[in-house]
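Notes follow the structure.
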Amino acid sequence: MTSQGNVVLHNAEYEIIDQDPHFSRVVKYFRGSDYLKIAAFAASGPLFLAALSGFSSGGKKFHVSPRMFRWSTGLGLTAGFLNQYGVSSLRFQGINENAREVALDRYEIKSRLARGEAPYGESRMPEWIQNTAARNSTYSFLNISVIPWFNLVNHNHHGVSLDRYYETRPGEEKWGFDLKK
């Protein structure tokens, strides 16, 4: 393990994109399959209640109150979202396959750098609050089933060097970014 700033880097199988991605970036990088899994989680609650109702009545009557259907759908939707948030965060960490996300990240950060913007967004918060927020939210996705904690603060503690965005990889020439340090 190595250290960069206040972030300890682990040895990842795939390229590390961001050790502490902002909530909006994690959700923006959801794949289509992630949304299907969220929908499956949301549908599983009412289906389970209907099956349980059918089994308990001997298959004669399927009645579950609409209120319980709504509750189970909401619970399934929340569980599905938290599950897929964790999966998407694992892609940012380089633990799961992330070629699509690497390309999206490189384009997004390179375009911000080319426009002269801050690569991870501007923050009006004092530096010490940004540091505290980064310490609290880095790797928080690992305990998302215990307490959902998201990075909602723009800061510069992401555990990756911006130097990699100044190199041009094959296929990136067509993007038209001419970045100089």
Inset, instruction - Determine ³J(HN,Hα), in whole Hz, for all residues of segment 79-88 in sequence, where each value follows from phi through the Karplus function 6.51 cos²θ - 1.76 cosθ + 1.60 and θ = phi - 60°; x replaces Gly and Pro. - result: 4, x, 5, 4, 4, 6, 4, x, 5, 5
Inset, instruction - Have a look at V27, V64, V160 and tell me which one the Gaussian network model of the chain (Cα, springs below 10 Å) gives the largest fluctuation. - result: V64
Legend entry - Alpha-carbon Rg/Rh ratio, for the chain, with Rh computed the Kirkwood way: 1.11
Inset, instruction - Note down the nm distance, to one decimal, between modelled labels 7 Å out along Cα→Cβ at R124 and at L52. - result: 4.7
Legend entry - Degrees between helix 99-114 axis and first principal axis of the chain (Cα, 0 to 90, nearest 10): 50
Inset, instruction - Grab the DSSP H runs of the chain that are 4 residues or longer, score each as -39,500 (n - 2.57), total them, divide by all residues and round the 222 nm result to the nearest 500 deg cm²/dmol. - result: -15500 deg cm²/dmol
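Bear in mind that the values in this text are calculations on the coordinates, not laboratory data. All values derive from a computational prediction rather than experimental measurement. Using ideal geometry, Cβ is built from the backbone for each residue, glycine included, and neighbour counts are taken over all protein chains shown.
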